[in-house]
Amino acid sequence: MVRRILPPMNPTSSESGGVLFLSATLGDGHHSAAVAVRDAVSELAPTLKTDELDFFDLVSPAMNKAIRRSYILSVRHAPSLYEAFYRSSGYIRPDSAFQKWLNSLGRKEIARLLADRSPKMVVNTFPTPLGAISSLRAMGRTRVPSVAVVTDYSVHSQWLHPQVDRYYVGSEELKEAMIGRGIPGETIEVTGIPVRLAFQREVDTNEVRHRFGIREGPVVLVMAGAYGMIGGFDAVVAELVRSGPPATYVAIAGHDSAIHERLIEVSRQARHPLIPIGYTDRVAELMAVADILVSKPGGLTVSESMARGLPMAIFRPIPGQEMANLRLVLSRGAGFHARTVTELKTGLRRFFQDEEVSGHMRDAARKLGRPKAAFTIARDVLGRI
């Protein structure tokens, strides 16, 4: 049985139409944010219809696969090219010809979708459909309310559109940056980036240790990202279990089965215990057991880690949006940045050996965490429909 985190509320509108969530599967963050808010809406208003769609699947499933593959390959093997693309697209004027063209992507499909489903609200956790809906509203072709859940801690022009009713953002710094780019402050609410309801729930850590075979003592959780986005992930883990600080290392490979198989091989020769895991929906429980997380700073990863009060050892951030996420964690003292495997091992040793350092990071992570962000957003969404 799923316990209710907050008491349900009765929406003033009728059930028909409901709330439509538009996300994407470039990485897992956009989808996870949509699921988090959708589940919170369902907790608060159980009879209200909710649907989530992958924007690129709506436009073209074949194109979606190609875009996802290109994104993964560019991040893994050509991060400097990805950074150049991210920066060059980050300051496009909303009235420019190129931005108008971007806003036309999927516009026909979204117009048909809105006409067919008549949602009372669209919640966008990916920026491209947000631009398409904004342009449809400017053209007078729809009046559907449209809100944005920004899934990183950085400002980027693709999120900034004139016909957006509400922005939900992760930090005060991001709100100020958006105001500086012309977005009215009264349309921006600092909620934190929404994480799934599992990150609010208490965990029986002994049961989790038993289920995954995690022995007593320190635990380092190492995550490659949903699609194995950290290049050479298995080699990094191999080095940690060979000469890193004594601990049980739990390594999550995500959807990349080849990485998972290599981690299994590494575990057979490891000096320190290594538990290799493929894709799992138990991350919230594993974060509750871990002492520190080693990963790149995706917006959702940072938010999930902070929601658990779990410090981060940030390794190989994606140039672009993840650099802003990195700066946020470092500025609040909730983790450290390792540029090399040697720096990573040194940072982990200091974390485990110096209780003052580790205690400060844990306190900072708890203060930065916003585990109830999804409910804050859900209540506002329901109030608007």
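General observations
Each row is one residue, and each column tells you yes or no for (1) closer than 16 Å to ILE292 by Cα; (2) touching a helix residue (DSSP H, G or I) at 6+ places or on another chain (Cβ under 8 Å).
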{"residue": "VAL241", "(1), (2)": "yes, yes"}
{"residue": "GLY244", "(1), (2)": "yes, yes"}
{"residue": "TYR249", "(1), (2)": "yes, yes"}
{"residue": "ILE252", "(1), (2)": "yes, yes"}
{"residue": "ALA258", "(1), (2)": "no, no"}
{"residue": "GLU261", "(1), (2)": "no, no"}
{"residue": "GLU265", "(1), (2)": "no, no"}
{"residue": "ALA270", "(1), (2)": "no, yes"}
{"residue": "PRO276", "(1), (2)": "no, yes"}
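- When region 215-227 is filtered for residues that are surrounded by fewer than 21 Cβ atoms within 10 Å (Cβ to Cβ) and either among the small types (Gly, Ala, Ser) or in contact (Cβ under 8 Å) with a residue 12 or more places away in the chain (or both), the ones remaining, listed by number, are ARG215, GLY217, PRO218.
- On the stretch given as region 105-134, residues that are part of a helix (DSSP H, G or I) and crowded, with 24+ Cβ neighbours inside 10 Å total 6.
- Residue that is more than 30 Å from ARG93 (Cβ to Cβ) and either not in a helix (DSSP H, G or I) or not assigned by TED's automatic domain parsing to the domain that holds LEU286 (or both), where the choices are ARG271, ARG262, ARG211: ARG271
- So LEU286, is it in contact with a Ser or Thr (Cβ under 6 Å, 6 or more places away or on another chain), outside the structural domain of ARG38 (by TED's automatic domain parsing), in a helix (DSSP H, G or I) and of a type in the set (A, V, I, L, M): no
- So HIS161, is it in contact with a Gly (Cβ under 8 Å, 6 or more places away or on another chain), in a loop (DSSP other than H, G, I, E, B), outside the structural domain of SER295 (by TED's automatic domain parsing) and not polar (S, T, N, Q): yes
- When restricted to residues that are within 22 Å of GLU304 (Cα to Cα) and among the hydroxyl-bearing types (Ser, Thr, Tyr), region 138-167 contains 4.
- Scanning region 143-161 for residues that are among the hydroxyl-bearing types (Ser, Thr, Tyr) and surrounded by fewer than 21 Cβ atoms within 10 Å (Cβ to Cβ) returns a single hit, SER157.
- Selection status of ARG332, in contact with a Leu (Cβ under 8 Å, 6 or more places away or on another chain), basic (Lys, Arg), in the same structural domain as ASN124 (by TED's automatic domain parsing) and modelled with pLDDT of 95 or more: no
Okay, residues lined up against (1) over 16 Å from ALA378 (Cβ atoms); (2) in contact with a Phe, Trp or Tyr (Cβ under 9 Å, 6 or more places away or on another chain); (3) outside the structural domain of GLN321 (by TED's automatic domain parsing):
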site: ASP165; (1), (2), (3): no, no, yes
site: TYR168; (1), (2), (3): no, no, yes
site: GLU172; (1), (2), (3): yes, no, yes
site: LYS175; (1), (2), (3): yes, yes, yes
site: ILE179; (1), (2), (3): yes, no, yes
site: GLY182; (1), (2), (3): yes, no, yes
site: GLY185; (1), (2), (3): yes, no, yes
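- Candidate set from region 297-343 (those that are in contact with an Asp or Glu (Cβ under 6 Å, 6 or more places away or on another chain) and not in a helix (DSSP H, G or I)); member that is surrounded by the fewest Cβ atoms within 10 Å (Cβ to Cβ): PRO319
- Some residue of region 238-249 being without any contact (Cβ under 8 Å) to a residue 60 or more places away in the chain, of a type in the set (A, V, I, L, M), part of a helix (DSSP H, G or I) and closer than 18 Å to LEU344 by Cα: yes
- Selection count where residues are surrounded by fewer than 17 Cβ atoms within 10 Å (Cβ to Cβ) and either basic (Lys, Arg) or in contact (Cβ under 8 Å) with a residue 60 or more places away in the chain (or both), scope region 174-189: 2
The values are calculated or read from the model by the stated rules, or taken from the named source; none is laboratory data. Keep in mind that what you see is a predicted model, and the values were worked out from it rather than measured. Backbone-built Cβ (ideal geometry, glycine too); neighbour counts: all protein chains shown.
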